[in-house]
Amino acid sequence: MKKIILLGYMGCGKSTIANKLSGMIQIPYIDLDEYIEKKTNLTINQIFENHGEIYFRKLEHTFFVELLNLPEQIIIGLGGGTPCYANNHELLKGDSVTSIYLKASIDTLFNRLVSNKSKRPLIADKSEEEMREFIAKHLFDRSFYYNHAKYKVSVDDKSIEETVNDILNLLA
Ligand SMILES: Nc1ncnc2c1ncn2[C@@H]1O[C@H](COP(=O)(O)OP(=O)(O)O)[C@@H](O)[C@H]1O
Ligand SMILES: O=C(O)C1=C[C@@H](OP(=O)(O)O)[C@@H](O)[C@H](O)C1
Ligand SMILES: [Mg+2]
């Protein structure tokens, strides 16, 4: 059975949606950030602070490949940057994966991230104005990689249940 991969910008809902989907279809869910934290015994913030982003990107690639090589069917929630480094975007197309881009507008992302930034080192120190500008530019740069997903689901103005239903329809 194919692995289900959820990807998209920070705050689009990868972790939330993957968790809910997992409960509905009884397929275990692994969040790549949580997997990295468990394997290294460090938080994402500590990895960025103590070792830098490049080191994080290497770990992220290694553990993404490790998850893809697990024999069982799982849902994988990626980090927002995962498809954009180390040619990880090429791993979204293989026969053994169903990759889904959770596409959100700048407004949706801003509204969800504004009160949820402390555990996200790329935006933790930004003011609201800086953050909106950052998200706009960053999303533009990253869209190229996100668009390598096999499927795209728009999440704007949708409840968690509505997005999960859209995904279930894709998988049916
Ligand atoms: N309709 C929705 N779908 C998904 N997340 C939502 C929704 N409405 C609010 N949220 C909130 O937005 C945030 C999304 O964060 P998260 O799931 O961690 O995203 P990601 O893993 O993509 O960074 C969570 O705090 C979640 O509770
Ligand atoms: O966009 C990014 O580069 C990152 C997104 C984060 O995951 P979420 O998208 O789950 O917040 C986490 O992997 C790290 O802070 C870097
Ligand atoms: Mg997440």
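Overview of results
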read-out	value
Within the stretch 21-68, tally of residues that are within 16 Å of ligand 3 (Cβ to nearest atom) and assigned to a loop (DSSP other than H, G, I, E, B)	1
Among the candidates SER115, SER143, residue that is in a helix (DSSP H, G or I) and small (Gly, Ala, Ser)	SER143
Pair list, Cβ < 7 Å and 6+ apart or interchain, from the stretch 74-100 residues that are more than 16 Å from ligand 3 (Cβ to nearest atom) and of a type in the set (Val, Ile, Thr) to residues that are open to solvent by 10 Å² or more (accessible area, probe 1.4 Å) and in a loop (DSSP other than H, G, I, E, B)	VAL97/LYS2; THR98/LYS2; THR98/LYS150
Among residues of the stretch 82-107, those that are of a type outside the set (Phe, Trp, Tyr) and either at pLDDT below 95 or in contact with a Gly (Cβ under 8 Å, 6 or more places away or on another chain) (or both), counted	7
Count - residues of the stretch 7-20 that are within 7 Å of ligand 1 (Cβ to nearest atom) and either assigned to a helix (DSSP H, G or I) or surrounded by fewer than 18 Cβ atoms within 10 Å (Cβ to Cβ) (or both)	4
Count of the stretch 119-135 residues which are surrounded by fewer than 13 Cβ atoms within 10 Å (Cβ to Cβ) and touching a residue at least 24 places away in the same chain (Cβ under 8 Å)	2
Cβ-Cβ under 6 Å pairs, at least 6 apart or on other chains, the stretch 1-24 side over 16 Å from ALA149 (Cα atoms), far side acidic (Asp, Glu)	SER15/ASP31
Hits in the stretch 38-52 (condition: touching a helix residue (DSSP H, G or I) at 6+ places or on another chain (Cβ under 8 Å) and surrounded by fewer than 17 Cβ atoms within 10 Å (Cβ to Cβ))	LYS39, THR40, THR43
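Here's the yes/no breakdown for (1) under 24 Å from PHE140 (Cα atoms); (2) out of contact with any strand residue (DSSP E or B) (no Cβ under 7 Å at 6 or more places or on another chain); (3) modelled with pLDDT of 95 or more:
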position	(1), (2), (3)
GLY8	yes, no, yes
LYS14	yes, no, yes
LEU21	no, no, yes
ILE27	no, no, yes
ASP33	yes, yes, yes
LYS38	no, yes, yes
ASN41	no, yes, yes
HIS51	no, yes, yes
LEU70	no, yes, yes
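The values are calculated or read from the model by the stated rules, or taken from the named source; none is laboratory data. Just so it is clear, the structure is predicted and the values come from calculations on it, not from any experiment. All Cβ positions, even for glycine, are placed from backbone atoms using ideal geometry, and neighbour counts span all protein chains on display. The protein model used for the area step is the full one, side chains on, heavy atoms only, and it has no ligands, DNA or RNA in it. Shrake-Rupley method; radii C 1.70, N 1.55, O 1.52, S 1.80 Å.
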